[in-house]
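Enquirer: The structure follows.
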Amino acid sequence: MSVVAVIGAQWGDEGKGKIVDLLSEKADAVIRFSGGDNAGHTVINPKGEFKLHIVPSGIFYPRAACIIGNGVVINPRVLLEEMDSLIARGVDIGNLHISDRAHLIMPWHILLDGLEEEKRGEGAIGTTKKGIGPAFADKTARCGIRACDILESQTFKTRLAGVLASKNELLTKMHNAAPLDFAAVFNEYMGYARRLAPHIKDTTSMISDLLNRGGNIVLEGAQGTMLDTDFGSYPFVTSSSPLAAGASIGSGISPRRIDRVVGIFKAYTTRVGGGPMPTELKDEVGEYIRQRAHEYGATTGRARRCGWFDAVVGRYSTELNGFTSGILTRLDVLDEMEAVKICVGYTIGGKTVDRFPADVTALENCVPFYVEMPGWKVSTSDARTAKELPANARKYIKRLEELIGCPFHIISIGPRRDQSIVIKNVI
Ligand code: GDP
Ligand code: IMO
Ligand code: MG
């Protein structure tokens, strides 16, 4: 039995979907534990290519219970669309379960996300506008609506009435926007409830039973460590915790029962949205990576900002999460480079810094410094063992391991499930 948390180690989009799909073969349950449909997890396997936003990436193995954990905020409309599209493509979703404690994204959350971003002007976070921040804010402010609240119409009516009045005040008085209609929202969500009810349950007890039976559990992270509300590049972060600690809270599994924490690292860095990114390349190299790797968001289609691997971020992420294994993805993207660079520190105001600073202004003004290594100029995509990788690629991997303080146990050299070099089993 093992409980494995799969964590984005950078700013998201590291390839968590591919890796969770790969690991799910041995899983009895796969649990999404944070975020919402701001996530976009790409899975390419014999069933086709899928972009999953809420449904766990273990869904292609009917044996595995796929659980949307209590730590996720759910837009029921998006979830139902995703479920329908999976069914239409022949994927069995009978084993999909939704925590009755998960909060729901309501229409005002989406409106407020957009309105608040507009108000931020130049300082916009660049959110996905999916209502994520406002939904998590309401959860913490204790005025959220949970999956269990829509199962019974009278409970939902009372809960909605209590919340909608103040949300309409906010919309009309603060933002000069139109109010939402009570009956329209009520009927819309009762419609969702009818379809989702069979999936909504007490997943905490399901998970507890599984743990007691000694099952293998994969905890699927969303976003990445640098988007964490506490430790990321605040305020340019998301509103839940993508960290290993978040896996515990967002699923109801005690930290003592998580055996392994796996950090997914892209072989370079990307970021979507606003906020500092010390190694961003605004030149032809950055553009080359974007085009070669097709670095465009799986959720919003926005161009991802690209840059060299940042080992300051890598080390910080390893410390925060306690990675027992690293997984390096997209190594093949660098195959044609003459030389590759790794950021090993920053200069801020003339001082050398090798820790990730809290202050966003310091981060915006930091100048990264690099070590440069020769490229390998050979395709890595067909390698299936570490030995088959070119020597310079192996040197690059080794240097990264030393800098971040964590060994890579899987190297991913293509988007497909089989394009993976497993050095050591992580589940
Ligand atoms: P996630 O949000 O962490 O699941 O990552 P995304 O799916 O948003 O973005 C990762 C992208 O990289 C997807 O298009 C994947 O198909 C792709 N991908 C994953 N691993 C590899 C790899 O090793 N090589 C290449 N070339 N693409 C990969
Ligand atoms: P996956 O799971 C990359 C970013 C947004 C924005 C910030 C806040 O696919 O790795 P939000 O809508 O969460 O309030 O936006 O976080 N962001 C992501 N970036 N991958 C993601 O998820 C992301 N989810 C949110 O672009 O900068
Ligand atoms: Mg993604």
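The values are calculated or read from the model by the stated rules, or taken from the named source; none is laboratory data. Predicted, not measured: the structure shown is a model, and the values here were computed from it. Cβ placement follows ideal geometry from the backbone for every residue including glycine, while neighbour counts extend to all protein chains displayed. Calculation scope for accessible area: heavy atoms of the full protein, side chains included, ligands and nucleic acids excluded. Shrake-Rupley method; radii C 1.70, N 1.55, O 1.52, S 1.80 Å.
Enquirer: Filter the strands (runs of 3 or more DSSP E) completely within the range 192-293 down to those with at least 1 residues that are farther than 17 Å from V72 by Cα and either open to solvent by 30 Å² or more (accessible area, probe 1.4 Å) or assigned by TED's automatic domain parsing to the domain that holds E372 (or both).
Expert: So the answer is 260-266, 269-271.
Enquirer: When the range 328-348 is examined, which residues are found to be of a type in the set (S, T, Y) and farther than 28 Å from R416 by Cβ?
Expert: Y346, T347
Enquirer: Can you pull out the residues in the range 323-373 that are more than 22 Å from the chain's Cα centre (by Cα) and within 16 Å of ligand 3 (Cβ to nearest atom)?
Expert: none
Enquirer: Collect the residues in the range 86-143 that are modelled with pLDDT under 95 and either among the charged types (D, E, K, R) or touching a strand residue (DSSP E or B) at 6+ places or on another chain (Cβ under 7 Å) (or both), keeping them in residue-number order.
Expert: Within the range 86-143, E122 is the sole residue that qualifies.
Enquirer: Right, here's the next one. Is there any pair linking a residue in the range 357-385 that is in a loop (DSSP other than H, G, I, E, B) to one that is within 16 Å of ligand 2 (Cβ to nearest atom), with Cβ under 8 Å and at least six apart or on different chains, and which?
Expert: As it stands, the answer is P357/L363; A358/Y234; C366/P276; C366/P278, since those pairs meet every condition given.
Enquirer: Can you work out which of the residues in the range 52-94 that are within 18 Å of Y189 (Cα to Cα) and without any contact (Cβ under 8 Å) to a residue 12 or more places away in the chain is least open to solvent (accessible area, probe 1.4 Å)?
Expert: Here the answer is D84.
Enquirer: Within the range 125-148, which residues are within 16 Å of S34 (Cβ to Cβ), assigned to a loop (DSSP other than H, G, I, E, B) and not charged (D, E, K, R)?
Expert: T127, T128, G131, G144, listed by residue number.
Enquirer: Under 6 Å between Cβ atoms, at least 6 apart or on separate chains: pull out the pairs that start in the range 280-302 with a residue that is among the aromatic types (F, W, Y) and end on any residue that is within 16 Å of ligand 3 (Cβ to nearest atom).
Expert: Listed by first residue and then by second, the contacts come to Y296/A303.
Enquirer: Given (1) at pLDDT below 95; (2) closer than 21 Å to K282 by Cβ, where does Y370 come up short, assuming only one miss?
Expert: (1)
Enquirer: I need the full set of residues from the range 16-51 which are within 11 Å of ligand 2 (Cβ to nearest atom) and surrounded by fewer than 24 Cβ atoms within 10 Å (Cβ to Cβ), in order please.
Expert: If the condition is that a residue be within 11 Å of ligand 2 (Cβ to nearest atom) and surrounded by fewer than 24 Cβ atoms within 10 Å (Cβ to Cβ), then G40, T42, K51 are the ones that fit.
Results for (1) assigned by TED's automatic domain parsing to the domain that holds E188; (2) touching a residue at least 60 places away in the same chain (Cβ under 8 Å), shown as yes or no for each residue.
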{"residue": "P46", "(1), (2)": "no, yes"}
{"residue": "L96", "(1), (2)": "no, yes"}
{"residue": "D113", "(1), (2)": "yes, no"}
{"residue": "G126", "(1), (2)": "yes, yes"}
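Enquirer: Within the range 98-155, can you find the residues that are more than 16 Å from ligand 1 (Cβ to nearest atom), charged (D, E, K, R) and open to solvent by 40 Å² or more (accessible area, probe 1.4 Å)?
Expert: R101, E116, E118, K119, R120, E122, K129, K139, R142, R146, E152
Enquirer: P76 - would you say it is more than 11 Å from ligand 2 (Cβ to nearest atom), within 24 Å of T300 (Cα to Cα) and either in the same structural domain as I410 (by TED's automatic domain parsing) or within 15 Å of the chain's Cα centre (by Cα) (or both)?
Expert: Judged against the criteria, P76 is not a match.
Enquirer: How many residues does the range 293-314 contain that are away from ligand 3 (no atom under 11 Å from the Cβ) and modelled with pLDDT under 95?
Expert: Total satisfying the criteria: 2.
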